[in-house]
Every structure is written in C-alpha cells, then in structure tokens.
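**Student:** Handing you this structure, nothing more for now.
Values in this text are rule-based calculations from the coordinates and carry no lab data. Not measured: the values here are computed from a predicted model. Here the Cβ positions follow ideal geometry from the backbone for every residue, glycine too, while neighbour counts run over all protein chains shown.
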Amino acid sequence: MCGLIGVNGTADAAREVYVGLLNLQHRGQDGAGILTCGGAGQFSLQKGSGLVENVFSEQSFKGLKGHVAIGHTRYATIGKKDPNLLQPFLDYQAEVGIAHNGNIVNCYQIARELEGKIEKPTTDSDSELILKLVAHALAGQKPNAANLFGAIRETMQKLVGSYAVVGLDAEGGLWGFRDPHGIRPLLFGSKLEIDGRQVYALASETVALAYLGYGEIQEVQPGEAIYIDKNGVVERQILRKETHSPCMFEWVYFARVESAMSGISVYEARFKLGLLLSERIKDLGITADLVLPVPETSRAAAIALAESLDIPYRELLIKNRYVNRTFILDDQKERQTAISRKLYAISEEIKGKRCIVVDDSIVRGNTAAKIIELMKHAGAKEVILVSTCPPIAYPCYYGIDFPSHEELVAGDRTDEEVAAALGADRVVYQTLVGLKAALAQKNLCTGCLTNEYPTDVTSGLEFQTQRSKDRKKAKVK
Ligand code: SF4
C-alpha cells in the first residue's frame, strides 16, 4: 500500500505534492519521492528513504521545478529497504514517469514473457514494469491524451492485480488510471487559483486533496484513465471495466479517518462497524466494565460500541505517537519491539476490571498478543478482544502485506483457538455481513477473508514465494 498524489497547473506543483504526501504519510513510511517536469522534458526527480519530512528540505524545491508534479510514499511488500525501488520511476527516453499503488500479481510472468521484447526494467519492481509497458506501447509517439489512453489500454490488457497510477510526461500532462476492479483508490479534484487558473490534482485519499483546498472531488472510476494537459484540458475514458471491488481494508485500517472511499466516510464506516459489533456482543451475552480502543484506528468503532452497550468508554492504552505504525514495519521482531515501545496501559484504571478492547483487525496476532499481555500486566480481570474486521485468514495479493494462510493467526484456528493463542479471555470478530453493511458497498474485495479474489490469483504463489525469500534476505542483512 502506498500514497500517491499528482498536481497540474500551479507554479509550485512540487510544494503542493510535498504537502499532499505529508497527508498520505500513513500509507507508507519506507520512503518518498517527487518527480516534476519544468517543460520540454526538463524532469527533476528526488527520492529518499524514510519519512516525507526527512526526505525533502527547502533546498529540494529549488530543484523540483515545474507546473506538473507527482509524488509517492512507499510501503514495501517486496524489497523492503531497497532504495532502488523508491518511486516515482522515470523513463527518460519515452519522456514519461509514474508512481503506482497496488500490486501486479502476474508481474514475474509478464517480465518473462516480454523479455527481449520490451526494455528490461532496471529493478524487480512491478511499478517499473508498468512504466516500461506504457513506454513500450507509446512506441516513440509524443505523449498526449489519445496515445496515452491507447498505451494504457494495451498495458491494462496484460496486467492482473491492483493498480492506481499517477503519471506525468514531458508535454506537461498529468495523468492517472485505476485497475478495472478499482481495488486501490484514486481521486480527482480541482480548484481555482487566485489568478483564475484552474489547478487539478489526483490523489489516493480525499484528505490529501481537501487539505490542499481541492473541491469537486470525484473517484477516478475503475478502469478509467484521466489526462489533464498543460492548458488544463481534461479528458477521461473508461478503458476496461469489471465489477468494482474496492479493498475493504481501506475503511477498516488504512485510510485516514477524515477521508471518504467510494463516497462513504471512513469515520462513518468505522462507527457503524462498532455499532454492528455491539449487537453481536449483546447476542453473545457478553458484559464488561470498560470499553477501550487500541489507538488510533479503532477509536470511532470503540465509541459506537461503548455508547450502544452503555459501558464507560476509556482511553487507557496510551500511544507514543513517535513510533511508526507497527503493521508497516519490516519483520516480526521489529514489530514486537515497536509494540512494546509504542503502547502503555494505565493500570490504576484497568486493575480488576472486565475490559472490552477494540482493535481494527487481527493479522499475525503480534500486536494483539502484546496488548493482551499489557492489559493483564496492568491487572485487567478479563480481556475480551473485539475486532472490527472479520478473521483475516488468507493472503493479500494486491499490495497489503498479509502473509500466508499459515502465518495468519486466524488462518487455521477457531475463534476460541485464536483467543487461546493470543492469551485473551475471548475474541469476538465482526461478521462478513456486518462488514458489508457498515461499508455500504454492494461489492468489495474480501479476498483475505473469504479466499475469493476479484482477479485471477494463480500467479500469486510465485509472488508469495518471492516475498518470503525477500523477507529472509532482509533478515540476513
Ligand atoms: S485481499 Fe484483503 S487486503 Fe487485499 S485488497 Fe482484498 S480486501 Fe484488501
């Protein structure tokens, strides 16, 4: 999962992209990059490892010139700390650059099939492969809306997986496209500058656009490509469409609570997840003295649940805000250390109480086990762990680092066995019906819950093998 933003039409496009990236930092903390075009092929590119504010300085903006810019925050599922995999990627010869969020399930297969037929990517990145495919399909033509739409259509025919892409070209055009299932989000907005000029932007989340003053925010449709030329002329075309299947985990965990996905507010969805869980808890006859959220993502759900059950809501797990999100960290050991550095339980309030602890999801179980240990250590009489997401039992092939079935705590376990494995007195999960109702979506990607994916995932095994090799390599270093 990564964060994307692109801006066209303002003199200081790079600075806007930078501010946008700060608002998308939660989507990836491994590294960041900005690519600009100052006209007639004058590209400037800066990328680096770490947080956005550490990658760029005031000096950066002296070099990053132009009316059009794209930016990326990286969350790696492969090649964790390899700086060569940072985005955006630029193809000087084709005069196009892109940044990508998602994962191409058949990337190794495409690379093999097209070996010698397209320019070889310099890295193993599926994002660079997309760039090479677009560049190849352009076949030396100067990029414009018509021939880019053609090149993207041709590229889409080869790709299986999830992709939201922003791109720019030497002609000063900003463009973007989204996979035919719309698994990963991409939004489009516009605003009027003081000088009367219309500025356009594309981004992964509404919060990044709204923060920069963009309005009339709309979704880029599944399978749609959009091109904004240097004069602000906008062209849109649906190139390929399948059933819209947005990733449910955007609402559950990934997106900022201020954002909206597919027109549904993330806050509202999380609140409803809590309300629906409270019904389940009533049905199960569970009672408790306190409801506690695991900060930050489960707060809205925990408030709803506490209100509905009429049980006091207390924020007693305190987060050290300077420690990165544990989900995004590299390996299990790093994650566990981070959890113990990150959370503190206020034992004076917890001691002797039956506590419902609300978390957004349970993946490997590291965070959950540590939290339960913290709660018990703080003297909790009973810990009932409530997950706003149904059991995650299968891998994600679309860009979220959910490991194999065996590594997932809910993979082969019943709810009771999960509770025992985590040290909880009880575990209560959201139901699939509840999830769909809360997110108000007819269709969703729920592959990691049901093992039914919106695309073919037969090449996924190769991807999984590569990912685990990659993890081992990272540990050796
Ligand atoms: S498999 Fe799960 S995490 Fe991956 S895109 Fe689908 S819903 Fe999202």
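**Student:** Taking the 0 to 90 degree range and rounding to the nearest ten, how far is the long axis of helix 145-158 tilted relative to the main principal axis of the chain, both from C-alpha atoms?
**Tutor:** 50 degrees
**Student:** Kindly rank 95-105, 262-272, 294-304 from highest to lowest mean number of other beta carbons found within 10 Å of each residue.
**Tutor:** Highest mean packing first, the order is 95-105, 294-304, 262-272.
**Student:** Assign unit charges at the C-beta atoms only (+1 for Lys and Arg, -1 for Asp and Glu), then state the dipole size of the chain relative to its Cα centre in Debye, rounded to the nearest 20.
**Tutor:** 800 debye
**Student:** Could you pull out the pairs from Lys319/Lys376; Lys241/Lys442; Lys342/Lys370; Lys47/Lys132 whose alpha carbons sit more than 21 Å apart here?
**Tutor:** none
**Student:** Also: Could you give the length gained on full extension between Lys62 and Lys81, defined as 0.36 nm per residue of separation minus the Cα-Cα distance, in nm?
**Tutor:** Result: 4.1 nm gained on full extension.
**Student:** Tell me the mean residue ellipticity at 222 nm calculated for the chain from its helices only (DSSP H runs of n ≥ 4, each -39500 (n - 2.57), averaged over every residue, nearest 500).
**Tutor:** About -9000 deg cm²/dmol.
**Student:** Packing-wise, with mean Cβ within 10 Å as the measure, how do 191-202, 6-17 rank, highest first?
**Tutor:** Put in order of decreasing packing, that is 6-17, 191-202.
**Student:** Does the range 3-245 come out rounded, prolate or oblate by the C-alpha gyration tensor, with a ≥ b ≥ c the root eigenvalues, rounded set by a/c under 1.5 and, if not, prolate when a/b is larger than b/c and oblate if not?
**Tutor:** It comes out rounded by the Cα gyration axes.
**Student:** To make sure I understand the rule: partners must be aspartates and glutamates, Cα under 15 Å from the Cα of Lys351, and not fewer than 8 residues away in the same chain. Which ones qualify?
**Tutor:** Excluding near neighbours in sequence, the set is Asp289, Glu315, Glu373, Glu382.
**Student:** Still on this model: May I ask you to evaluate 6.51 cos²θ - 1.76 cosθ + 1.60, the Karplus curve with θ = phi - 60°, for each residue of the range 368-373 and list the ³J(HN,Hα) values in order in whole Hz, giving x for glycine and proline?
**Tutor:** Computed from phi, the couplings for the range 368-373 are 4, 4, 5, 5, 5, 4 Hz.
**Student:** Can you give me the Cα centroid spacing of the range 127-187 and the range 349-379 in angstrom?
**Tutor:** Centre-to-centre (Cα) distance: 45 Å.
**Student:** Extending each Cα 7 Å along its Cβ direction at Glu462 and Leu192, get the distance between those two points in nm, one decimal.
**Tutor:** Placing both labels 7 Å beyond Cα along the Cβ direction yields 5.2 nm.
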